[in-house]
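The values are calculated or read from the model by the stated rules, or taken from the named source; none is laboratory data. Predicted model only: the values in this text are computed from it and were never measured. Because the Cβ atoms are built from the backbone with ideal geometry, glycine has one as well, and the counts that use them run over all protein chains shown. The protein model used for the area step is the full one, side chains on, heavy atoms only, and it has no ligands, DNA or RNA in it. Shrake-Rupley method; radii C 1.70, N 1.55, O 1.52, S 1.80 Å.
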Amino acid sequence: MVRILLAGIPVEFDNRFPELAALCRGFETEQPPELFIRVSDRELEQERSQQTFAFSDGYLETVCCYRKAALALLDRDIFVMHGSVVELDGAGYAFLAPSGVGKTTQTRLWQRHFGSRLRVINGDKPLIRMVHDGASVRFLAYGTPWRGKEGLGCNAAAELKAIFFLNRSSVPSVEPASQEQKVDLLFRQLLMPAQPERMLRLLTMADGLVSTVPFYMLHCDMTERSVLCAYQAAAAHGIPETDKMRG
């Protein structure tokens, strides 16, 4: 068995293969589990039938485990989002785009530009937790063991301060996303549950995210000009002076 923290929730996996334990190193916890996850033979075979390549049972189990855990965590106001999240000076920034558009490239560019001031929270599938502060809400992005083939990420969390939808451009620029763009592009990057009650919770959280966190369209190239474009746009919308770009 493997017991880890996912977005602050202790989750125990009744795994049958060693791949999950190896994947989850660094996230273990001794806290009593609140969720129990086990993948059945039927679920494993269903996952196999959806894959293009012949993956091992151990790998398929890790995929199924995260999906089952992520769906169960919806009941605790936590959802998974396909994207990359970095933390800079305490503020979290997310990059969302279809596979192959450039999330990892932008993450690497931010690493190169900001150096030790920046850390990657999760390079592929962070968990996002909605936290209530009285009448207001905020959204925390958490690192998980499931962080993409590049393995970018850590066991940490950051409050989301801006979200960027990426598309390729030879001339970097940034603009606020329209309401239609926010809803359309965000929902393409969410794991959708089949259960109506969980779908309602996800819709409520997504509405809160759209209403709380600034969203931008980032037309980016493969240079650090895109980094400056994005960061300066976010800094102009209320990031504390101490968090703004230095030097």
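Structure above, values below:
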quantity	calculated
Residue-averaged [θ]222 nm for the chain, counting only DSSP H segments that reach four residues, each worth -39500 (n - 2.57)	-10000 deg cm²/dmol
Accessible carbon and sulfur surface of the chain relative to its total accessible area, %, 1.4 Å	52
Candidate lysines - alpha carbon under 19 Å from K182, same-chain residues fewer than 8 apart omitted	K103, K125, K161
Value of relative contact order over the stretch 87-150, rounded to a whole percent, pairs C-alpha under 8 Å and six or more apart	28
Model label zone, R138; criterion: amide N under 11 Å from point 7 Å along Cα-to-beta-carbon; scope the stretch 184-226	none
Length added when fully stretched, F36-S211, from 0.36 nm per residue minus Cα-Cα	59.7 nm
Simple spin-label estimate for K149 and S178 in nanometres, 7 Å along Cα-Cβ	3.5
Antiparallel DSSP beta bridges within the chain, as percent of all bridges there, nearest 5	70
Kirkwood hydrodynamic radius of the stretch 84-147, from inverse mean 1/r over distinct Cα pairs, in Å	12.5
Dmax and Rg, reported as Rg then Dmax, of the chain (C-alpha, Å)	18.1, 56
